[in-house]
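**Student:** If you scroll down you'll find the structure; I have some questions about it.
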Amino acid sequence: MDSSDDDIEEYLFKIVILGDSAVGKSNLLSRYARDEFNLHSKATIGVEFQTQVLEINGKEVKAQIWDTAGQERFRAVTSAYYRGAFGALLVYDISRRTTFESVTRWLDELNTHCDTTVAKMLVGNKCDLDNIRDVSIEEGAKLAEAEGLFFMETSALDSTNVNKAFEIVIREIYSNVSKKVL
Ligand code: GDP
């Protein structure tokens with residue numbers, strides 16, 4: 001087999017998850033990385049990051065996905081958290097409007113710490129709670145369009161769109177980076 005440099009090329013990208021407390025950030029990550037869900041909010045400060053590997057165009061693409069691990073409860077997401085991010089998931093809870101209203105603040109914070117080329121996905125989580133919905137799909141889509149974000153509603157509880165949301169971001173980063181390299 002031919003083993004040119006191309007074959008051994010590897011990618012490692014940092015992705016951050018942002019959003020108000022209890023929107024489901026940790027559960028989105030544990031659902032994606034370990035296919036696990038926790039009914040109760042974490043009692044302790046959670047894990048810092050998980051690494052997921054995806055194969056794209058025959059290349060091994062590693063995504064190092066960071067969770068705020070509760071930092072946002074103290075309004076203290078540090079600049080180290082944002083440093084080096086290539087992608088971000090901005091999460092709100094479709095059953096709590098205040099968390100949707102906070103998205104622009106998270107986006108502003110992301111933009112002050114990171115390059116505008118960061119691949120961004122707006123995530124309306126807890127779509128299994130449709131019966132107590134407080135934010136419509138149209139509102140989510142409208143905000144995403146206005147801010148140039150991908151958009152998806154997810155449920156970490158029943159797994160709806162969780163893999164899709166992460167993978168769209170990872171593929172977008174890969175595509176941005178490989179365009180620069182070529
Ligand atoms: P974080 O503070 O943003 O990391 O949020 P957590 O992942 O700790 O979740 C907060 C609470 O929301 C927990 O009680 C979870 O069980 C619950 N939760 C998370 N995702 C979902 C979801 O998709 N649907 C429902 N119904 N509950 C969820």
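The values are calculated or read from the model by the stated rules, or taken from the named source; none is laboratory data. From a predicted model like this one, the values you see are computed outputs, not experimental measurements. Here Cβ is always computed from backbone atoms with ideal geometry, including for glycine, and neighbour counts include all displayed protein chains.
**Student:** Within the stretch 103-115, is even one residue buried (at least 18 other Cβ atoms within 10 Å of the Cβ) and within 22 Å of residue 54 (Cβ to Cβ)?
**Tutor:** yes
**Student:** Considering the stretch 96-143 alone, what residues qualify as being charged (D, E, K, R) and in a helix (DSSP H, G or I)? Spell out how you get there, then give the answer.
**Tutor:** First, the residues of the stretch 96-143 that are charged (D, E, K, R): 96-97, 101, 105, 108-109, 115, 120, 126, 128, 130, 133-134, 138-139, 142.
The answer is 97, 101, 105, 108, 109, 128, 130, 138, 139, 142.
**Student:** Return yes when residue 125 is within 14 Å of the ligand (Cβ to nearest atom), surrounded by fewer than 20 Cβ atoms within 10 Å (Cβ to Cβ) and within 28 Å of residue 34 (Cβ to Cβ) and no when it is not. Before you say what the answer is, go through the steps one by one.
**Tutor:** Working: within 14 Å of the ligand (Cβ to nearest atom): yes; surrounded by fewer than 20 Cβ atoms within 10 Å (Cβ to Cβ): no; within 28 Å of residue 34 (Cβ to Cβ): yes.
For residue 125, the condition - within 14 Å of the ligand (Cβ to nearest atom), surrounded by fewer than 20 Cβ atoms within 10 Å (Cβ to Cβ) and within 28 Å of residue 34 (Cβ to Cβ) - is not met.
**Student:** In the stretch 161-180, what residues are within 17 Å of residue 17 (Cβ to Cβ) and either out of contact with any strand residue (DSSP E or B) (no Cβ under 9 Å at 6 or more places or on another chain) or within 16 Å of the ligand (Cβ to nearest atom) (or both)?
**Tutor:** Those that are within 17 Å of residue 17 (Cβ to Cβ) and either out of contact with any strand residue (DSSP E or B) (no Cβ under 9 Å at 6 or more places or on another chain) or within 16 Å of the ligand (Cβ to nearest atom) (or both): 161, 162, 163, 164, 165, 166.
**Student:** Just need a number here: residues in the stretch 153-182 that are part of a loop (DSSP other than H, G, I, E, B) and polar (S, T, N, Q). Talk me through it step by step, then tell me what you get.
**Tutor:** Initial filter on the stretch 153-182 (part of a loop (DSSP other than H, G, I, E, B)): 154-161, 182.
Still in the list and also polar (S, T, N, Q): 154-155, 159-161.
The qualifying residues number 5.
**Student:** Say whether the condition of being modelled with pLDDT of 90 or more and either within 20 Å of residue 164 (Cβ to Cβ) or of a type in the set (Ser, Thr, Tyr) (or both) is met by at least one residue in the stretch 68-77. Walk me through how you get there before you give the answer.
**Tutor:** Step one: of the stretch 68-77, the residues modelled with pLDDT of 90 or more are none.
Within the stretch 68-77, not a single residue is modelled with pLDDT of 90 or more and either within 20 Å of residue 164 (Cβ to Cβ) or of a type in the set (Ser, Thr, Tyr) (or both).
**Student:** Hey, could you check the stretch 130-171 for residues that are free of Cβ contacts under 8 Å to residues at least 40 places away in the same chain and of a type in the set (Val, Ile, Thr) and say which is surrounded by the fewest Cβ atoms within 10 Å (Cβ to Cβ)?
**Tutor:** Narrowing the stretch 130-171 to residues free of Cβ contacts under 8 Å to residues at least 40 places away in the same chain: 130-133, 136-139, 141-142, 144-146, 148, 150-152, 155, 158, 160-161, 164.
Adding the requirement that they be of a type in the set (Val, Ile, Thr) leaves 132, 137, 160.
Numbers: 132: 9, 137: 14, 160: 18.
This residue is 132.
**Student:** Next question. Take the stretch 63-83 and flag every residue that is surrounded by 15 or more Cβ atoms within 10 Å (Cβ to Cβ) and either away from the ligand (no atom under 16 Å from the Cβ) or assigned to a strand (DSSP E or B) (or both).
**Tutor:** Matches in the stretch 63-83: 63, 64, 65, 66, 82.
**Student:** Restricting attention to the stretch 84-99, which residues are surrounded by 15 or more Cβ atoms within 10 Å (Cβ to Cβ) and either charged (D, E, K, R) or more than 15 Å from the chain's Cα centre (by Cα) (or both)?
**Tutor:** 93, 94, 95, 96, 99
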